[in-house]
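A.B. asks: Take a look at this one; I'll ask things after.
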Amino acid sequence: MTSDVVVVGGGLVGLCVTHALVRCGARVTLVDAPRPGAASRIGAGMLAPSVERTGGAAQGFLQAARDAYPDFVATIGDAAGIAIPLDRGGILEIAGDETDAARRRAGASGDAIWCTPDDVRAMDPGYAAPFGAVWHSRDGAVDPVPLLEALELLVARSSSVRRVTELVAARTPGEVRLGTGERLATGVLVLCAGAWSGTVVGLPRPIPVRPVRGQMLELPVAPTRRAAYGAGGYLVPRADGRTYVGATMEEVGFDPSTTPDGAAYLRGVAAALAPALRDVPVAVHAAALRPLTPDHLPVIGPDPDAPDVWYACGHGRNGILLAPLTGEVVADAIAGHEVRHDLRPFSASRFD
Ligand SMILES: Cc1cc2nc3c(=O)[nH]c(=O)nc-3n(C[C@H](O)[C@H](O)[C@H](O)COP(=O)(O)OP(=O)(O)OC[C@H]3O[C@@H](n4cnc5c(N)ncnc54)[C@H](O)[C@@H]3O)c2cc1C
């Protein structure tokens, strides 16, 4: 099988790009080699454009990504026969003190609703919110693991996708060289290599994506009903009774280790937000590398000087939120379909 498009990286972004390309009629070679520290399975799955704000023209893209999630998850889950839990109960942003509460209360409007401590207790008695909270009523959370499993299954089933389990070492015009030395011809190349996106040799320009480590804990109980930020972290209750506690932000290069300090920090977050979690034993302690750019916006679109090279990387703290919409716009653009979103804020040329 010859292939129209070579996708480099099979995390959530690469899988969404591959799936969307196939829907547009492309034949795809998906080249992915597992790297310690790959982010998508470790991400919390917060769909939180109201909290993880970018502002500016990109903010509309984040909100559109959130609003497209219910249909996306329903379509993928039905096609794969896998239930993908999606929490649409909004996200609480819990105030840390009186000053913080006054500021948040003054800023609450539209979908962001101010809740007194009594309101929070009535809404979600598992949280301690002595100064109140803002409820971002349209945000939510997805469990990324079943979503990844569903996409893996659909991609594996597709006769239009060839999978190659190798690292891409380098790119030259019209081809990529694998770690084995084998060369693959690329009609179009889409770079979705997460935190490693800037490390592929021979890209048309430097891509300033760097790894930012995040450690998380999983606790085997869920005393809360909806996701919340506060105390320097966040909690995401899962539908099956686990709680995700996130996450550190650490500049340690490509080191995906966990540390005792990271675990202690996250235990503090959990206990402050939901006191019932204080002495619960840790089921999972893991870390992964977020792909972060200098302005925290992803790189999405063609290379300005080499239009056969496309970028879909650098999604930072919002990669799970943005992956499905990234896949859609990249596939539509490569297929020559109309793209209904302004991709200019995400152009690689902004770093020139
Ligand atoms: C602790 C933590 C919590 C997070 N929480 C959230 C959240 O709540 N909401 C949210 O939206 N986002 C969240 N994120 C961010 C999100 O997880 C990432 O932005 C997203 O998963 C990035 O997906 P990706 O496909 O670009 O990268 P990855 O998932 O890292 O996948 C990249 C893939 O490319 C492969 N690869 C790398 N180099 C090569 C190469 N040269 N050749 C072949 N294959 C290669 C890797 O092995 C990997 O399989 C979180 C991240 C962390 C670490």
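Derivation of every value follows stated rules applied to the coordinates shown; laboratory data play no part. Because the structure is a prediction, the values reported are computed rather than measured. Glycine also receives a Cβ, built like all others from the backbone with ideal geometry; neighbour counts cover every protein chain displayed.
A.B. asks: Run through the DSSP bridge list for the chain and note the antiparallel percent, rounded to the nearest 5.
C.D. replies: Working: 44 of 63 bridges.
Of the beta bridges lying entirely in the chain, close to 70 percent run antiparallel.
A.B. asks: Here's another thing I want to ask about it. So if we plug the beta-carbon distance of Met249 and Ala57 into 1/(1 + (r/R0)^6) with R0 = 22 Å, what FRET efficiency do we get, rounded to 0.05?
C.D. replies: Numbers: r = 25 Å, r/R0 = 1.12.
It comes to 0.35.
A.B. asks: Sticking with this one: Give me the orientation-averaged projected area of the Cα convex hull of region 1-84, in nm², one decimal.
C.D. replies: Its Cα hull, projected and averaged over all orientations, spans 7.4 nm².
A.B. asks: So, one more: So which DSSP H runs in the chain come out at 15 Å plus along the axis (Cα) with average Kyte-Doolittle of at least 1.6?
C.D. replies: 12-23
A.B. asks: Relative to 2.2 N^0.38 Å, what does the C-alpha radius of gyration of region 208-298 come to as a ratio? Two decimals please.
C.D. replies: 1.11
A.B. asks: With each run of n ≥ 4 DSSP H residues scored as -39500 (n - 2.57), what mean residue ellipticity at 222 nm is computed for the chain after dividing by its residue count and rounding to the nearest 500 deg cm²/dmol?
C.D. replies: The helix contribution divided over the chain gives -8500 deg cm²/dmol.
A.B. asks: What percent do you get for the relative contact order of the chain when only Cα pairs under 8 Å and 6+ apart count?
C.D. replies: Result for the chain is 24 percent.
A.B. asks: Regarding the chain, what are the three Cα extents along the principal axes, ordered largest first, in Å?
C.D. replies: Principal extents (Cα only, largest first): 61, 42, 40 Å.
A.B. asks: Please state the relative contact order of region 280-347 as a whole percent: Cα pairs under 8 Å, 6+ residues apart?
C.D. replies: Relative contact order comes out at 32 percent.
A.B. asks: Let me ask something else about it. Using the alpha-carbon centroid of each, what span in Å lies between region 202-226 and region 82-152?
C.D. replies: 19
A.B. asks: Cβ neighbours within 10 Å, averaged per peptide: list 5-13, 291-299 in order, most packed at the top. All intermediate terms of the calculation are to be shown ahead of the outcome.
C.D. replies: Working: 5-13: 28.2, 291-299: 21.3.
Packing order, densest peptide first, comes out as 5-13, 291-299.
A.B. asks: From zero up to wherever the largest Cα-Cα distance of region 80-201 sits, split into 5 Å bins and tell me the percent of pairs in each.
C.D. replies: 2, 9, 12, 12, 10, 8, 8, 9, 8, 9, 8, 4, 0
A.B. asks: To continue, here is another question. State, as an integer percentage, the relative contact order of region 108-197 based on alpha-carbon contacts under 8 Å between residues 6 or more apart.
C.D. replies: After rounding, I find 15 percent.
A.B. asks: Show the residues, 5+ positions off or on another chain, whose built amide H is closer than 5 Å to the amide H of Trp114.
C.D. replies: The list, which skips near neighbours in sequence, is Trp135.
A.B. asks: Also, I was wondering about something else. Send over the per residue convex hull volume for region 127-254, Cα only, as a whole number of Å³.
C.D. replies: So the per-residue hull volume is 185 Å³.
A.B. asks: When the expected Rg is taken as 2.2 N^0.38 Å, what fraction or multiple of it is the alpha-carbon Rg of region 273-331?
C.D. replies: The value comes to 1.68.
A.B. asks: Rank these for me by crowding, Cys115, Cys192, going from fewest to most other beta carbons within 10 Å.
C.D. replies: On the way: Cys115 23, Cys192 30.
The order, fewest Cβ neighbours first, is Cys115, Cys192.
A.B. asks: Across region 248-253, in residue order, what do the Karplus-derived ³J(HN,Hα) couplings come to in whole Hz, using 6.51 cos²θ - 1.76 cosθ + 1.60 with θ = phi - 60° and x for Gly and Pro?
C.D. replies: Here the 3J(HN,Hα) series is 7, 10, 10, 8, 10, x Hz.
A.B. asks: Of all the Cα-Cα pairs you can form in region 220-352, what percent are over 17 Å apart?
C.D. replies: Above the 17 Å cut-off, region 220-352 has 67 percent of its Cα pairs.
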